Amino acid sequence: EAQVTQNPRYLITVTGKKLTVTCSQNMNHEYMSWYRQDPGLGLRQIYYSMNVEVTDKGDVPEGYKVSRKEKRNFPLILESPSPNQTSLYFCASSPGQGRSYGYTFGSGTRLTVV
Amino acid sequence: QQQVKQSPQSLIVQKGGIPIINCAYENTAFDYFPWYQQFPGKGPALLIAIRPDVSEKKEGRFTISFNKSAKQFSLHIMDSQPGDSATYFCAGKNSGNTPLVFGKGTRLSVIA
């Protein structure tokens with residue numbers, strides 16, 4: 001089944017403790033992206049990647065890092081999480097950013113930072 | 001500006017009614033306008049999309065109306081059902097290497 005898989009689904013952590021949220025897609029998509037969803041603010045893009053070793057900042061990149069060493073994986077790294085990063089996170093992929101293909105989203109990771 | 005403005009923020013309709021969600025965009029280079037549907041606990045899923053060379057697109061009970069001169073587009077849900085209760089996002093992008101720009105979402109509740 002074609003899908004985007006995120007792990008974990010739920011995560012509670014403490015301020016300052018480094019964490020990684022994994023994202024993997026099995027569709028050979030070139031484009032991958034991370035979003036956070038907060039009430040009243042919609043989907044805000046954190047980082048995106050147009051291909052292996054190519055990443056760029058979205059609208060809200062502060063406090064986050066990403067890497068794209070393989071085409072299928074695009075982990076989101078929070079080096080020193082803070083409570084304002086408590087949110088619902090989604091990973092998405094698309095066949096190619098330059099063309100108007102739909103995005104496939106993962107099921108989300110609900111992160112709580114205390 | 002890259003914004004896509006979506007309204008209303010929330011909407012309650014009775015079963016069988018026709019909810020309408022509106023979006024306005026600023027970037028005239030946008031040439032692809034999708035709508036996404038998100039159920040609680042799930043990621044958004046592509047529902048229907050339109051390009052600006054047509055004024056309307058229909059898929060089942062879902063219709064997009066597009067007004068290029070006004071830079072507006074809207075989603076209509078015919079004969080709405082309680083199962084349509086979800087959050088709906090509009091979006092826009094151009095054909096270049098730029099991200100999809102989302103509206104802030106509309107939470108729709110269809111009551112029986």
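The values are calculated or read from the model by the stated rules, or taken from the named source; none is laboratory data. Everything quoted here is computed from the prediction, not taken from an experiment. Every residue, glycine as well, gets a Cβ built from its backbone with ideal geometry; the counts of neighbours run over all protein chains shown. Remember, those area values only see protein heavy atoms, side chains included, never the ligands or the DNA or RNA. Shrake-Rupley method; radii C 1.70, N 1.55, O 1.52, S 1.80 Å.
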(request) Within segment B:1-32, find all residues whose amide N lies under 11 Å from a label point positioned 7 Å from the Cα of B:SER95 along Cα-to-beta-carbon. (result) B:31-32
(request) Excluding B:ALA45 itself, calculate the net charge of residues whose Cβ lies under 15 Å from the Cβ of B:ALA45, where each Lys or Arg counts +1 and each Asp or Glu counts -1. (result) -2
(request) With a 1.4 Å probe on protein heavy atoms only, tell me which residues of segment A:8-44 lose at least 50 Å² of accessible surface in the complex relative to the chain by itself. (result) A:LEU43
(request) Using the heavy atoms of the protein chains and a 1.4 angstrom probe, tell me the accessible area per residue for the protein assembly as shown in square angstrom. (result) 48 Å²
(request) Give me the distance in nm between label points sitting 7 Å out from Cα along the Cα-to-Cβ direction at B:SER109 and B:VAL54, one decimal. (result) 3.4 nm
(request) Grab the other residues whose beta carbon is less than 10 angstrom from that of B:GLU26, score K and R as +1, D and E as -1, and report the net. (result) +2
(message) Taking the Cα centre as origin and putting +1 on Lys and Arg beta-carbons and -1 on Asp and Glu beta-carbons, what dipole magnitude results for chain A, to the nearest 20 debye?
(response) 180 debye
(request) Work out the mean other chain Cβ neighbour count within 10 Å for the residues of A:52-59 and drop it here as an integer. (result) 1
(message) Suppose accessible area is computed on protein heavy atoms with a 1.4 Å probe; arrange A:VAL114, B:VAL110 from highest to lowest.
(response) A:VAL114, B:VAL110
(request) Would you calculate the separation in nanometres between label points at B:SER85 and A:SER80, each defined as 7 Å from the Cα along the Cα-to-beta-carbon direction? (result) 4.4 nm
(request) Report the accessible surface area buried between chains A and B, summing both sides, using a 1.4 Å probe on protein heavy atoms only, in Å² rounded to the nearest 100. (result) 1700 Å²
(request) Determine the distance separating the Cα centre of segment A:1-41 from the Cα centre of segment B:1-61; give it in Å without decimals. (result) 24 Å
(request) Pop out the carbon and sulfur fraction of the accessible area of segment A:32-71 as a percent, whole number, probe 1.4 Å. (result) 47 percent
(request) May I ask you to order A:69-81, A:43-55, A:13-25 by the average number of other C-beta atoms within 10 Å around their residues, highest value first? (result) A:43-55, A:69-81, A:13-25
(request) Please give every one of the aspartates and glutamates within straight-line cross-link reach of A:LYS18, meaning a C-alpha to C-alpha distance under 14 Å, and leave out same-chain neighbours fewer than 8 residues apart. (result) A:GLU79
(request) With springs connecting C-alpha atoms under 10 Å apart, model chain B as a Gaussian network and identify which of B:SER74, B:SER95, B:SER65 has the largest mean-square fluctuation. (result) B:SER95
(request) Would you work out the relative contact order for segment A:1-65, in percent, from Cα pairs under 8 angstrom that are 6 or more residues apart? (result) 23 percent
(request) State the percentage of accessible surface on chain B attributable to carbon and sulfur atoms; use a 1.4 Å probe and exclude ligands, DNA and RNA. (result) 50 percent
(request) Quick one: plug the Kirkwood hydrodynamic radius of the protein assembly as shown (C-alpha pairs) into Stokes-Einstein at 20 °C, 1.002 mPa s, and report D in µm²/s. (result) 119 µm²/s
